[in-house]
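Engineer: My questions all concern the structure below.
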């Protein structure tokens, strides 16, 4: 190889080295820039996490204060209400003749209003307890609970003939006391809203979904307008008058609170005059696959 060829080869090699060095420098700059971006992202995520923790702590504190306030107010209201009811009963028993027909009617209205207020307070206390009580998760037989609730309702109204079908083997992992309240409210509502049907029917069942088991309480009762479905689970929200179907409007709010404490959701479908179906899930870990009816 001649001297010129060697010089040319060396120059070419040096050129390639310089090009590689330039690429390496650019790569290093990019790596440093990426590292800075990642560090900024980590710091931003850390700040957001801290903000979220503070917000959750503030929310938990606000909820605790609200629950304490609701419990205190509800509890303190019961004493004067008991006095109103007690003195009203005395007036009715000892002075009913003196009051006359119109006075007696007014007194009955006072007693009914005080009784309704007492029921509201009891339900508010119940709602407050469901959102604060400690939960003890265990394997629960929903079929057994549902049959027990139905037996109690039949005992209270033995004159009613209601066809009730409870799917056997419905199991879940939940707090026994709280999940019973869910079924008491859902089956109790189905029982109440089928009272105007000549052939009342209630069904308690479950189906396995993709993420969790979906439990359902269905009836062929009064139903409701789906345009107002979003109001069903709010406290004091009623789609029927007190004269049509008595109640306080707290039951479904309690159901939602309990279901959400278990990590699930609750929703409903209905049609006026054709019944309603209420569905709820528990967290995937709290759901047990529904039995097959082969």
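Throughout, read-outs are computed from the coordinates displayed, never taken from laboratory work. These numbers come from a predicted model, not from an experiment. When we count neighbours, we look across all protein chains shown, and the Cβ atoms used for this are built from the backbone with ideal geometry, even at glycine.
Engineer: Please give the contour-minus-distance gain from residue 269 to residue 165: 0.36 nm per residue of separation, less the Cα-Cα distance, rounded to one decimal in nm.
Structural biologist: Extra length available between residue 269 and residue 165 comes to 35.5 nm.
Engineer: How far apart, in nm, are the 7 Å Cα→Cβ label points at residue 108 and residue 31?
Structural biologist: So the two model labels end up 9.1 nm from each other.
Engineer: Let me ask something else about it. Taking the highest mean first, how do the peptides 43-53, 224-234 order by number of other beta carbon atoms within 10 angstrom per residue?
Structural biologist: Peptide ranking by packing, descending: 224-234, 43-53.
Engineer: Which stretch or stretches of region 14-34 have amide N atoms under 12 Å from the point lying 7 Å from residue 42's Cα along the Cα→Cβ direction?
Structural biologist: From region 14-34, the list is empty.
Engineer: When 182, 214, 84 are ordered from fewest to most other Cβ atoms inside 10 Å of their Cβ, what list results?
Structural biologist: 84, 214, 182
Engineer: For a footprinting-style exposure proxy, rank 198, 219, 141 by other Cβ within 10 Å, fewest first.
Structural biologist: 198, 141, 219
Engineer: What is the gain in length, in nm to one decimal, between residue 99 and residue 56 on full extension, counting 0.36 nm per residue of separation less the C-alpha to C-alpha distance?
Structural biologist: 9.8 nm
Engineer: From the square roots a ≥ b ≥ c of the eigenvalues of the alpha-carbon gyration tensor of region 99-164, which class results: rounded (a/c under 1.5), prolate (a/b over b/c), or oblate?
Structural biologist: Taking the square roots of the gyration eigenvalues as a ≥ b ≥ c, region 99-164 is oblate.
Engineer: On a C-alpha basis, how far is the centre of region 183-200 from the centre of region 108-153 in Å? Whole number, if you could?
Structural biologist: Going from one Cα centre to the other spans 16 Å.
Engineer: Further question: Can you give me the distance in nm between label points at residue 81 and residue 195, each placed 7 Å from the Cα along the Cα-to-Cβ direction?
Structural biologist: In this crude label model, residue 81 to residue 195 measures out at 2.0 nm.
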